[in-house]
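Chemist: Starting off with a structure, shown below.
The values are calculated or read from the model by the stated rules, or taken from the named source; none is laboratory data. Because the structure is predicted, anything quoted here is derived from the model rather than measured. Positions of Cβ are backbone-derived with ideal geometry, glycine not excepted, and every protein chain shown enters the neighbour counts. For accessibility, only protein heavy atoms count, side chains too; no ligands or nucleic acids. Shrake-Rupley method; radii C 1.70, N 1.55, O 1.52, S 1.80 Å.
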Amino acid sequence: MDHAPVSLTRQAISATLHCLTGCAIGEVLGMVVGTALGWGNLATVVLSVVLAFVFGYSLTIRPVLRSGLALKAAAGVALAADTVSIAVMEVVDNAVMLLVPGAMEAGLSTWLFWTALVFSLAIAFVVTVPVNRWMIARGKGHAVVHRHHH
């Protein structure tokens, strides 16, 4: 019995959870800061996306640096591993946040804001898993990172 598809799917889920962690940190921080400061949707989304990429890449760079790669090489690995995954996650996440009526204007103390944010991240996760699976199957994405973990 061939278990490769299951293993590949598990790798994709793991890679997407890793990406979701960095994206969620950046996304939540960006949404909180933008909302607390009363920024408009565009400025808040831009901040959230920038922070999602910063945190997403940093979570990949740290272990790759520990494997002995120089910073420049580790940054290249992070860019290769995470760019598509983070981009897909951010497009979906922010689109959902913008489509949920009133979510961006709801304020930090409302259930609507937090529920919409959790919902948007969950939808982004579901959409990004097959993207990561496709990339890993072709030796791209997080397959690049795994080469440095051994």
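Chemist: As an exercise: evaluate residue 24 against (1) at positive phi; (2) in a helix (DSSP H, G or I) and give the number of the one condition it does not meet.
Modeler: It is condition (1) that residue 24 fails.
Chemist: Of all residues in region 1-33 being at pLDDT below 90, of a type in the set (A, V, I, L, M) and open to solvent by 50 Å² or more (accessible area, probe 1.4 Å), which is farthest from the chain's Cα centre (by Cα)?
Modeler: Step by step, filter region 1-33, then rank; the result is 1.
Chemist: Out of everything in region 98-113 that is touching a Leu at 6+ places or on another chain (Cβ under 8 Å) and at pLDDT below 90, what residue ends up being farthest from residue 31 (Cα to Cα)? Full working, then the answer.
Modeler: Start the filter on region 98-113 by keeping residues that are touching a Leu at 6+ places or on another chain (Cβ under 8 Å), which leaves 100, 102-104, 106.
Checking the rest, the ones that are also at pLDDT below 90 come to 104, 106.
Values: 104: 8, 106: 11 Å.
Across region 98-113, the extreme among qualifying residues is 106.
Chemist: Looking at (1) out of contact with any Lys or Arg (no Cβ under 6 Å at 6 or more places or on another chain); (2) over 18 Å from residue 114 (Cβ atoms); (3) hydrophobic (A, V, I, L, M, F, W, C), which is the only condition residue 25 fails?
Modeler: That leaves (2) as the condition not met.
Chemist: A further question follows. Please count how many residues of region 54-79 are over 14 Å from residue 18 (Cβ atoms) and not basic (Lys, Arg). Before the answer, list the steps.
Modeler: Residues of region 54-79 over 14 Å from residue 18 (Cβ atoms): 54, 65-76, 79.
Adding the requirement that they be not basic (Lys, Arg) leaves 54, 65, 67-71, 73-76, 79.
Qualifying residue count, region 54-79: 12.
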